[in-house]
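The next block holds one structure in the form of structure tokens; read it before the comments.
The values are calculated or read from the model by the stated rules, or taken from the named source; none is laboratory data. None of the values given here were measured: they were computed from a predicted structure. FYI the Cβ positions are ideal-geometry reconstructions off the backbone, even for glycines, and counts take in every protein chain you see.
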């Protein structure tokens, strides 16, 4: 995997971390999707959001990304509530490919960050190589395989030079080889200083990638702990049951 | 049968009168579609993306106006452009420019309404990604129009079909002046009534061939686009 050495603009001061949820709730009508979440996500190793289906992981990703607003409570990015979101990026479980080539998809994301036009072709190539798609630059993005599309979505997200990269179950529908390729990119990205906040229901993946774990059940934050501590001695019965493979309802 | 043979002779023999009518018809219809697309695509995209008071009413009006009676549009444009009308000072009544203007008005609702449908569908797919990339309203419109470009070719075709086939509007605002504002459809109507069936049939033949060729070209463009851009 090519390295992720990044350009000058990567050294901009951190502005979005810590990411803090202050008693934040999200409701849709009578349904509470997230229930008074208080949580601080600091720079460092990847934060993995885990929990059974319907626990609110994806909603927490969207809230943290600023795609939705809290019904009550608030979200603070680096201590401020203003949401310019310039240095946040997200990869969805099923990313939508623009009807263009792989290279044009990355170029589009670069342009959205007002990257210098002259530097763009080189940067596009660099990003595509970094995710192992250098040879597929001219291929229509929608004709790539699921794993390739997911890697392209990562390249597109990285083109935005994020300080925080949200990933919403990015490997949920991928085969093991594609999953490994995506995980490798996530590791290299995290090592380059990008904060990864990733939702997954795959415990093995959480063990492989997590620096800390946020465990959610039915929209409630049940436990937030360092990965080692969480996996070896969970503090709550729900987390223990989830790790045993029991159904947590 | 003899009229059919004469019609073919006119077409294959490159009859100057016939082909001057064909070129004018093409010129008027293509200009009208281009003009309508220039307004209709952004209008359709805006209606698809922006929520504003009266939007639903506008959607209903656009949909309803897809079936505007050409003679009514012709009459309205005639009143606008006639010497005593608000745009009478332009002095373009009974000219190809008046015909382009009238046909563009006729085609505009078709292009805007179909573009709205296409863009709205694409927006529901792209919303999360474009929002996450912080793309502003103008960027969204241009992105969606560009990415829907191959679907929008069909919209252009619908507009062209409407423009190329209509008689009433161009008859009223163009006046069907020989060698100046006579189009294929108005000429077919006139020559049939005069009993000059070979010319009418020849023009009909050319009209149908042109419509098939334009559709084939558009299909080719769309197919090529799908292969190239996915």
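Residue B:88 falls short of the stated requirement of being under 14 Å from the mean Cα position of the chain (by Cα), away from chain A (no Cβ under 14 Å) and free of Cβ contacts under 8 Å to residues at least 24 places away in the same chain. Here residue A:136 meets each of (1) modelled with pLDDT of 95 or more; (2) under 21 Å from the mean Cα position of the chain (by Cα) with one exception, condition (2). Could you grab me the full set of residues in the range A:102-115 that are within 7 Å of chain B (Cβ to nearest Cβ) and surrounded by fewer than 20 Cβ atoms within 10 Å (Cβ to Cβ)? Matches in the range A:102-115: none. If you go through the range A:152-173 and keep only what is surrounded by 22 or more Cβ atoms within 10 Å (Cβ to Cβ) and farther than 21 Å from residue B:147 by Cβ, you end up with A:158, A:162, A:163, A:164, A:165, A:166, A:167, A:168, A:170, A:171.
What are the residues in the range A:173-190 that are out of contact with any helix residue (DSSP H, G or I) (no Cβ under 9 Å at 6 or more places or on another chain) and touching a residue at least 12 places away in the same chain (Cβ under 8 Å), if any? Step through it out loud before you land on a result.
So in the range A:173-190, the residues out of contact with any helix residue (DSSP H, G or I) (no Cβ under 9 Å at 6 or more places or on another chain) come out as A:176, A:180, A:184.
The one that is out of contact with any helix residue (DSSP H, G or I) (no Cβ under 9 Å at 6 or more places or on another chain) and touching a residue at least 12 places away in the same chain (Cβ under 8 Å): A:184.
Report the residue count in the range B:123-143 for those that are part of a helix (DSSP H, G or I), farther than 10 Å from residue A:67 by Cβ and facing another protein chain (nearest Cβ under 7 Å). Counting residues in the range B:123-143 that are part of a helix (DSSP H, G or I), farther than 10 Å from residue A:67 by Cβ and facing another protein chain (nearest Cβ under 7 Å) gives 3.
Can you tell me which residue in the range B:194-216 is nearest to the other protein chains (Cβ to nearest Cβ), limited to those that are out of contact with any helix residue (DSSP H, G or I) (no Cβ under 9 Å at 6 or more places or on another chain) and part of a helix (DSSP H, G or I)? Can you show your working first?
From the range B:194-216, those out of contact with any helix residue (DSSP H, G or I) (no Cβ under 9 Å at 6 or more places or on another chain) are B:195, B:208, B:212-213, B:216; that's our starting set.
Applying the additional criterion that residues be part of a helix (DSSP H, G or I) yields B:208, B:212-213, B:216.
Details: B:208: 33, B:212: 27, B:213: 26, B:216: 23 Å.
Ranking the qualifying residues of the range B:194-216, first place goes to B:216.
The condition of being within 9 Å of another protein chain (Cβ to nearest Cβ) and at negative phi holds for only one of A:95, A:170, A:162, A:121, that being A:95. Considering each residue of the range A:131-141 in turn, at least one proves to be surrounded by fewer than 24 Cβ atoms within 10 Å (Cβ to Cβ), within 14 Å of chain B (Cβ to nearest Cβ) and either assigned to a helix (DSSP H, G or I) or free of Cβ contacts under 8 Å to residues at least 24 places away in the same chain (or both). Quick one: in the range A:201-248, which of the residues that are touching a residue at least 24 places away in the same chain (Cβ under 8 Å) and part of a loop (DSSP other than H, G, I, E, B) is nearest to residue A:45 (Cα to Cα)? This residue is A:211.
Here residue B:142 passes the criteria (1) within 25 Å of residue B:63 (Cβ to Cβ); (2) in contact (Cβ under 8 Å) with a residue 40 or more places away in the chain; (3) surrounded by fewer than 17 Cβ atoms within 10 Å (Cβ to Cβ) except the one numbered (2).
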